[in-house]
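Enquirer: Please read through the structure below; I'll follow up with questions.
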Amino acid sequence: MTDMPISTAPKRSLFAADARTVRRNRAERRFRAYGMAAVGVGILALIVLLVSILGNGLSSFRQTYVSFPIELTAERVDPDGNRDPGEMARVTTFGYLPLLATAFEAHLDAEGIETDMGVRELAAMLSEEAPAQIRGMVLANPDLVGQTIDAQILMGGRIDGFFKGRVTMESAERDRNVTPAQLELAQILADRGAVETRFNWDFITAPDASGSRPEAAGLGVAIIGSFYMMLVVLVLALPIGVAASIYLEEFAPKNRLTDLIEVNISNLAAVPSIVFGILGLAVFINFMEFNQSSPLVGGLVLTLMTLPTIIIATRASLRAVPPSIRQAALGLGASKTQSIFHHVLPLAAPGILTGTIIGLAQALGETAPLLLIGMVAFVREYPDLMSVHSNSFPLMGDGATALPVQVYSWTQRSDPAFVERASGAIIVLLVFLLCMNLIAILLRRRFERRW
Amino acid sequence: MSMEDAIMNDMTQIDQGVAVDELKMQARNVDVFYGAGGGTRSAEDMAADKAITHAIKHVDVDIADKTVTSFIGPSGCGKSTFLRVLNRMNDTIDGCRMTGDVTLEGENIYDSKVDPVQLRAKVGMVFQKPNPFPKSIFDNVAYGPRIHGLARNKADLAEIVEKSLRRAAIWDEVKDRLDAPGTGLSGGQQQRLCIARAVATSPEVLLMDEPCSALDPIATAQVEELIDDLRSRFSVVIVTHSMQQAARVSQKTAFFHLGELVEFDDTDKIFTNPSDPRTESYITGRIG
């Protein structure tokens with residue numbers, strides 16, 4: 001009686017799947033298909049994003065220049081004739097413009113290229129920034145006065161666009177900023193080898209330029225500004241965040257107050273970043289009267305924003321350290337602080353670093369709070385660590401801008417060439433983020449290799 | 001010489017450590033409560049509070065020097081808790097309160113002047129699960145001497161490490177790879193490394209909380225042999241679930257049940273002729 005089967009279901013072959021198994025297998029296959037579809041959508045979105053940004057932005061790393069000889073006549077660039085850069089600086093870029101235009105015209109004549117365009121129309125093919133370039137060269141080296149230099153002159157945004165395929169003869173017909181004749185001339189010059197499209201270092205190092213000269217706009221100021229702000233965030237948020245987490249995780253008594261603090265830190269991490277911008281505006285600028293849009297204020301605001309991220313990541317990695325390690329250290333007569341600094345913290349370091357770099361990356365890409373503290377302003381001056389106008393506190397004097405803010409302000413401008421610039425800036429931003437993540441991975445590897 | 005003088009003389013001799021059975025630690029009327037929070041409530045008050053777990057009830061134990069004392073009893077009987085009373089490891093647990101007196105060589109270890117950190121250097125501990133630091137074998141053993149400043153120089157430290165590893169009977173297995181991570185050893189080796197680490201600070205008492213429960217029979221035999229060796233230098237207190245182990249390694253055995261110390265006597269007597277019926281039930285397998 002005891003070996004009665006539990007169920008009275010008929011015996012089945014293992015080769016024939018029953019209805020239940022078939023249903024179960026079908027559900028599994030369906031779920032796997034959903035998962036693959038989800039991953040596929042994600043990858044597709046990423047590809048579209050990358051293609052669109054790279055397609056739009058990569059061309060901003062190349063720039064079109066035309067080379068022709070320019071005679072720097074002394075009476076034009078140094079009317080006083082004493083080669084004193086101070087006095088020569090009185091000749092503004094408007095003084096250099098005719099110099100450039102006549103040199104360009106003379107070059108065309110010398111090359112035997114016939115054109116019925118006037119000097120003004122010819123000069124419009126060059127960048128508005130070009131006279132400033134020549135002026136900068138002359139002021140930096142007064143010995144050039146009187147000589148004929150072979151200069152590479154930045155071409156205008158539309159001509160540049162023509163060589164990058166953005167501007168065509170048809171679009172030039174409808175464009176008040178460029179004529180088909182100018183494009184034809186540019187093509188002739190290119191056929192003769194006078195036009196060169198080369199890597200555009202200025203895009204990375206030069207400051208921003210006004211809305212009418214996209215060809216000269218660069219990211220230099222924004223990169224420096226972002227760098228200083230990251231420095232402030234790192235110097236402030238990492239020690240404060242780690243110290244706060246260690247206290248909360250290891251020392252703080254578990255009571256209502258610490259529970260409350262804990263909940264609030266988690267809430268802070270979810271607060272929209274623009275709120276931190278308003279806080280920064282109220283506290284740092286209105287109350288403490290720091291300079292608007294200075295890297296220090298930007299860094300402080302981003303620090304406030306990054307702290308919860310760092311604290312949460314640090315606490316999670318402290319909690320992940322097995323309690324047996326703490327007990328072992330305490331059992332040997334280590335003090336609590338010793339057990340934390342000798343054993344727990346080194347084990348938690350990879351997690352802390354990852355959290356910090358993720359926080360920094362977040363801060364690097366943050367725009368909204370920076371707009372609120374006035375960083376949207378057009379800045380052409382590189383911010384100094386110790387500015388001359390500063391009231392002696394580092395990073396307080398000069399206004400700055402940041403990479404994402406630069407992207408934002410370029411997308412606001414009307415000239416279509418800025419689309420390319422903005423996409424290029426996004427590429428630079430993404431490269432920085434990738435580098436930071438790479439550093440995070442490398443650091444983690446290094447620390448983990450020590451078990 | 002009068003009678004009293006003779007007795008006094010005897011006692012000073014004991015104080016100088018002539019007698020083998022010299023008293024090392026003494027626990028009197030120890031009560032431990034969990035979930036008690038802070039405060040200074042009396043033992044009776046906390047014992048009456050249903051919300052507070054009364055883990056140890058009025059326990060008196062004497063730990064003799066150069067003796068292995070084992071604590072046996074069913075799970076949850078409080079033997080590990082009591083072990084942790086002896087080096088104040090319970091201090092690190094939130095809401096754990098202890099009343100009563102515990103002395104180490106006559107000094108109350110719960111005195112407000114006592115720094116638990118200093119106490120734990122004298123009363124070392126080996127845990128149930130081998131827990132070497134994720135550092136090299138050398139650094140594992142050297143950690144204690146380093147933080148307590150026991151070595152004057154590197155050669156000194158190396159000597160302490162070697163001595164400790166030899167004493168823990170693991171030197172021959174690891175002498176060629178002292179720079180290898182301690183976590184890469186086998187379970188039994190890790191536990192012996194932990195013992196070496198505890199021995200390196202020259203403790204006077206070594207507490208072991210089920211040191212063999214995570215080990216296979218061969219490693220267990222090695223550790224048990226080691227415990228027997230350690231007896232020549234330290235007073236060892238071991239918590240174990242295995243009554244055979246208690247019988248094998250210890251000279252004194254304490255049987256705990258439901259937080260109470262049921263019986264504490266010579267190991268031989270406990271296992272052959274227990275005076276309490278509960279002890280007999282436990283060792284014959286009827287309870288626990």
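Enquirer: Would a scan of segment B:192-205 turn up a residue that is farther than 12 Å from B:F133 by Cα, open to solvent by less than 10 Å² (accessible area, probe 1.4 Å) and assigned to a strand (DSSP E or B)?
Expert: yes
Enquirer: Same structure, new question: What tally of residues in segment A:230-278 results from selecting those that are open to solvent by 30 Å² or more (accessible area, probe 1.4 Å), within 14 Å of chain B (Cβ to nearest Cβ) and in contact (Cβ under 8 Å) with a residue 24 or more places away in the chain?
Expert: 2
Enquirer: Also, I was wondering about something else. Within segment B:168-211, can you find the residues that are under 26 Å from B:I72 (Cα atoms) and of a type in the set (K, R)?
Expert: The answer is B:R192, B:R197.
Enquirer: Determine if segment B:68-82 includes at least one residue that is more than 29 Å from B:R248 (Cβ to Cβ) and within 14 Å of chain A (Cβ to nearest Cβ). Break it down into steps so the answer makes sense when it comes.
Expert: Here is the first cut: in segment B:68-82, the residues more than 29 Å from B:R248 (Cβ to Cβ) are none.
No; the residues of segment B:68-82 include none that is more than 29 Å from B:R248 (Cβ to Cβ) and within 14 Å of chain A (Cβ to nearest Cβ).
Enquirer: Out of curiosity, is B:P145 within 9 Å of chain A (Cβ to nearest Cβ), surrounded by fewer than 23 Cβ atoms within 10 Å (Cβ to Cβ) and not aliphatic (A, V, I, L, M)?
Expert: No; evaluated as a whole, the condition is false for this residue.
Enquirer: Here are the criteria: (1) at pLDDT 90 or above; (2) over 16 Å from B:N131 (Cα atoms); (3) out of contact with any Pro (no Cβ under 9 Å at 6 or more places or on another chain); (4) not polar (S, T, N, Q). Tell me which single one B:D209 does not satisfy.
Expert: (2)
Enquirer: Wholly within segment B:216-288, which strands (runs of 3 or more DSSP E) include no fewer than the required count, namely at least 2 residues that are open to solvent by less than 10 Å² (accessible area, probe 1.4 Å)?
Expert: B:235-239, B:252-257
Enquirer: Looking only at residues that are surrounded by fewer than 20 Cβ atoms within 10 Å (Cβ to Cβ) and among the small types (G, A, S) in segment B:96-131, which one is nearest to A:Q338 (Cα to Cα)?
Expert: Ranking the qualifying residues of segment B:96-131, first place goes to B:S112.
Enquirer: Return the total of residues in segment A:56-87 being under 30 Å from A:A194 (Cα atoms) and touching a residue at least 24 places away in the same chain (Cβ under 8 Å).
Expert: Residues that pass the stated criteria total 21.
Enquirer: Applying the selection to segment A:327-385, what residues are open to solvent by less than 20 Å² (accessible area, probe 1.4 Å), in a loop (DSSP other than H, G, I, E, B) and within 14 Å of chain B (Cβ to nearest Cβ)?
Expert: A:L332, A:G333, A:A334
For every residue, the table says whether it meets (1) away from chain A (no Cβ under 13 Å); (2) out of contact with any Phe, Trp or Tyr (no Cβ under 7 Å at 6 or more places or on another chain).
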residue	(1), (2)
B:T40	yes, yes
B:V61	yes, no
B:N90	no, yes
B:I93	no, yes
B:R97	yes, no
B:N108	yes, yes
B:Q118	no, yes
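Enquirer: Taking segment A:8-45 as the search range and keeping residues that are at pLDDT below 95 and aliphatic (A, V, I, L, M), which one is nearest to A:F163 (Cα to Cα)?
Expert: A:V22
Enquirer: Would it be correct to say that A:A132 is at pLDDT 85 or above, among the hydrophobic types (A, V, I, L, M, F, W, C), surrounded by fewer than 20 Cβ atoms within 10 Å (Cβ to Cβ) and more than 23 Å from A:F418 (Cα to Cα)?
Expert: In short, no.
Enquirer: Which numbered condition trips up A:L189, out of (1) closer than 23 Å to A:E121 by Cβ; (2) open to solvent by 20 Å² or more (accessible area, probe 1.4 Å); (3) in a helix (DSSP H, G or I)?
Expert: (2)
Enquirer: Sort out which residues of segment B:43-80 are among the hydroxyl-bearing types (S, T, Y) and either open to solvent by 20 Å² or more (accessible area, probe 1.4 Å) or without any contact (Cβ under 8 Å) to a residue 40 or more places away in the chain (or both), and write them in order of number.
Expert: Once the filter is applied, which keeps residues that are among the hydroxyl-bearing types (S, T, Y) and either open to solvent by 20 Å² or more (accessible area, probe 1.4 Å) or without any contact (Cβ under 8 Å) to a residue 40 or more places away in the chain (or both), segment B:43-80 yields B:T53, B:S75, B:S80.
Enquirer: Continuing with this model, one more query. Give the number of residues within segment B:135-190 that are β-branched (V, I, T) and not in a helix (DSSP H, G or I). Before the answer, list the steps.
Expert: Pass one, segment B:135-190, residues β-branched (V, I, T): B:137, B:141, B:147, B:160-161, B:170, B:174, B:183.
If we keep only those that are not in a helix (DSSP H, G or I) too, we end up with B:170.
Count: 1.
Enquirer: Tell me which of these A:F227 doesn't satisfy, since it passes every other one: (1) surrounded by 22 or more Cβ atoms within 10 Å (Cβ to Cβ); (2) within 19 Å of the chain's Cα centre (by Cα).
Expert: Condition not satisfied by A:F227: (1).
Enquirer: Exactly one of these conditions fails for A:A74: (1) out of contact with any helix residue (DSSP H, G or I) (no Cβ under 8 Å at 6 or more places or on another chain); (2) of a type in the set (A, V, I, L, M, F, W, C); (3) open to solvent by 80 Å² or more (accessible area, probe 1.4 Å). Give me its number.
Expert: (3)
Enquirer: Sticking with this one: Would you be able to say whether some residue in segment A:64-72 is assigned to a helix (DSSP H, G or I) and either among the basic types (K, R) or under 26 Å from A:A206 (Cα atoms) (or both)?
Expert: Within segment A:64-72, none of the residues are assigned to a helix (DSSP H, G or I) and either among the basic types (K, R) or under 26 Å from A:A206 (Cα atoms) (or both).
Enquirer: Can you find a residue that is farther than 22 Å from A:S59 by Cα and modelled with pLDDT under 85 anywhere in segment A:151-164?
Expert: Checked against the condition, which is being farther than 22 Å from A:S59 by Cα and modelled with pLDDT under 85, segment A:151-164 yields at least one hit.
Enquirer: Looking only at segment A:314-326, how many residues end up being facing chain B (nearest Cβ under 8 Å), surrounded by fewer than 18 Cβ atoms within 10 Å (Cβ to Cβ) and aliphatic (A, V, I, L, M)?
Expert: Going through segment A:314-326 one residue at a time, the tally reaches 0.
Enquirer: May I pose another question? May I ask you to list the residues in segment B:110-134 that are among the aliphatic types (A, V, I, L, M) and not in a helix (DSSP H, G or I)?
Expert: Scanning segment B:110-134 gives B:V114, B:V123, B:M125, B:V126.
Enquirer: Take the residues in segment A:155-186 that are open to solvent by less than 30 Å² (accessible area, probe 1.4 Å) and in contact (Cβ under 8 Å) with a residue 60 or more places away in the chain, then tell me which one is farthest from the chain's Cα centre (by Cα).
Expert: Across segment A:155-186, the extreme among qualifying residues is A:L185.
The values are calculated or read from the model by the stated rules, or taken from the named source; none is laboratory data. This structure is a prediction, so every number in the text was calculated from the model and none was measured. Don't worry about glycine lacking a Cβ; one is built from the backbone with ideal geometry, like all the others, and counts go over all protein chains shown. Remember, those area values only see protein heavy atoms, side chains included, never the ligands or the DNA or RNA. Shrake-Rupley method; radii C 1.70, N 1.55, O 1.52, S 1.80 Å.
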